[in-house]
1. Residue under question is GLU231, and the condition is that it be free of Cβ contacts under 8 Å to residues at least 40 places away in the same chain and assigned to a helix (DSSP H, G or I); does it hold?
2. If you take the residues in the stretch 444-474 that are aliphatic (A, V, I, L, M) and assigned to a helix (DSSP H, G or I), which one is surrounded by the most Cβ atoms within 10 Å (Cβ to Cβ)?
3. Out of the stretch 332-342, which residues are surrounded by fewer than 23 Cβ atoms within 10 Å (Cβ to Cβ) and in contact (Cβ under 8 Å) with a residue 24 or more places away in the chain?
4. May I ask you to list the residues in the stretch 136-171 that are in contact (Cβ under 8 Å) with a residue 60 or more places away in the chain and loosely packed, with under 15 Cβ neighbours inside 10 Å?
5. Kindly provide the set of residues from the stretch 112-126 that are among the aliphatic types (A, V, I, L, M) and buried (at least 22 other Cβ atoms within 10 Å of the Cβ), ordered by number.
6. Where residues in the stretch 297-331 are small (Gly, Ala, Ser) and over 21 Å from SER88 (Cβ atoms), which of them is surrounded by the fewest Cβ atoms within 10 Å (Cβ to Cβ)?
7. Taking the conditions exactly as written (outside the structural domain of LEU304 (by TED's automatic domain parsing) and in contact (Cβ under 8 Å) with a residue 24 or more places away in the chain), does ASN420 satisfy them or not?
8. Inside the stretch 166-226, counting only helices (runs of 4 or more DSSP H) that do not spill past its ends, which hold 3 or more residues that are among the β-branched types (Val, Ile, Thr) and more than 17 Å from the chain's Cα centre (by Cα)?
Amino acid sequence: MIKYISKIAVLLIIIVFTACEDTFLSPDPTGVITSSNFFSNDTELEAAILNMYDGIQGVNSTSTSDNHGIMYEFYITEMRSDNTETKSSEGEDAQFESFTVEATNGRVSDYYDSYYNIIYRANLVLENLDVASEEAVGAFEGEAKFVRAYAYFNLVRLFGDVPLVQSVISPADAETAYTRVATSAIYDVIESDLQTAIANLDNTYKGRASKAAAQALLAKVYLTQGENYSEAQSLCENVMSSGFSLETNFKDVFFNELNDEIIFAVEYLGDLTDDSQNFSAEWLNAVGRTSGVNYVTANARQALDAMGGDRTMYSYRQDVKQYEKYQVVKYIPNGDSNLGIDATSSDPQKAGNDWIILRYADVLLMHVEAIMAGAAETSSSSAINSFMQVRNRAGITDNVTTITKEDLLNERRVELAFENHRLFDLIRFGMAEQVLSAFSNETGGSFSATDLLLPIPQREINLSNGLLTQNPGY
């Protein structure tokens, strides 16, 4: 994080922002000017707004000096669950599947740096709102606070207590940069930021923050903390009455981009180095630069075969080169003619598949969870209706009269497989230690309760000169 702090420490530093008409994709440089006179109107401040989403998008490269944003998230979520693994259990990436992650792991460090960089970009917008017009200032504040809340929500779930930075700081503010703050205080900021976003935004965008995205995210924040279930239910119902709907065909969720089911997605454009992604190529054998990560476990295949319905064929497939291995179909970059999926680019390493962060099926299942309110089961007709909408789309039409916590967790697993939800769901449902211990025993891993949090990157601890402490077990 220190390299981002140093960026904002010196007032005469050169800042390069990019802007475009209505998207952060394919940005055109607006020029190179000093931070002291860059922000003077809505157009220039919107360049900083778009730059936040560019930070989430990340840089399509293999350089260890770049921030890869959300492109590395699958390593630290799906591959730390029972859903995915590496092809050959080799190298640094195998630390995730075996629950032996080290504080020096480069993927972990990249993600930590990336998300603090996103927070920096959001704080930069918030500190310059005084130049915005009366018509634009509310939406700009809402977008920046949504992005900051989203970034902190991921950090606090993955690392626990983390430094809380709510303004642009200088190197002299090392105590702020490196002092870990209690999780409860981080959640207070997340909730406040999302409430501001809800108040200030509408549903104009799917690739940028929106009212519905803030409502859905706040509902998940409440559910994660195991509190405010009635508020979470109301938030889900607000989204459910905002015009979103399930796609008829499950495949279209992922290959008909920005469709009616999408609430918030990170947009990519194929064949453009600056706006494409390579993570989906890494999931294919001998296609990506690394290739052979995020392979589907036998455990996940069994769950999808048993409970996936029509979703299964669009969730995983047999590796075309190593028949004993299975690859994720969602986000497949080079297409599959047998499944009616077109390639999103001419080069799989410059894929154009958008990454979905929030979609309507997730909200329907959160609605069930909110109604259950931590109970072991529910027979609420409203909960059953939401539950059955998701199952019916998958061709599973057997009526249910009661939904148990296990039923809901299983449904979330097969509906949202390989979308980076599984680990967070297991933790939120209080099932992580039981499920991951059993899975680890089956696969020869070494899971323990301390593995539910990632290590604070050792580089950050070294830079802090003793201020930043490490998580237990590392």
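1. When the stated conditions are applied, GLU231 passes them.
2. Within the stretch 444-474, the first condition is being aliphatic (A, V, I, L, M), and the residues that meet it are 449, 452-454, 456, 461, 463, 467-468.
From what's left, assigned to a helix (DSSP H, G or I): 449, 452, 461, 463.
Details: ALA449: 12, LEU452: 20, ILE461: 18, LEU463: 17.
Step by step, filter the stretch 444-474, then rank; the result is LEU452.
3. Within the stretch 332-342, ASN334, LEU339, GLY340, ILE341, ASP342 meet the criteria.
4. Answer for the stretch 136-171, where residues must be in contact (Cβ under 8 Å) with a residue 60 or more places away in the chain and loosely packed, with under 15 Cβ neighbours inside 10 Å: SER170, PRO171.
5. Step one: filter the stretch 112-126 for residues among the aliphatic types (A, V, I, L, M), giving 118-119, 122, 124-126.
Residues satisfying the conditions are ILE118, ILE119, ALA122, LEU124, VAL125.
6. Going residue by residue through the stretch 297-331, those that are small (Gly, Ala, Ser) are 298, 300, 303, 306, 308-309, 315.
Now narrow it down to the ones that are over 21 Å from SER88 (Cβ atoms): 303, 306, 308-309, 315.
Working: ALA303: 19, ALA306: 11, GLY308: 23, GLY309: 18, SER315: 25.
Looking at residues that are small (Gly, Ala, Ser) and over 21 Å from SER88 (Cβ atoms), I get ALA306.
7. Spelling it out, ASN420 is indeed outside the structural domain of LEU304 (by TED's automatic domain parsing) and in contact (Cβ under 8 Å) with a residue 24 or more places away in the chain.
8. Numbers: elements: 174-178, 183-200, 211-225.
In the stretch 166-226, the matching helices (runs of 4 or more DSSP H) lie at 183-200.
The values are calculated or read from the model by the stated rules, or taken from the named source; none is laboratory data. Note that the structure is a prediction, hence the values are computed from the model and not measured. Virtual Cβ from ideal backbone geometry, glycine too; neighbours counted across all protein chains shown.
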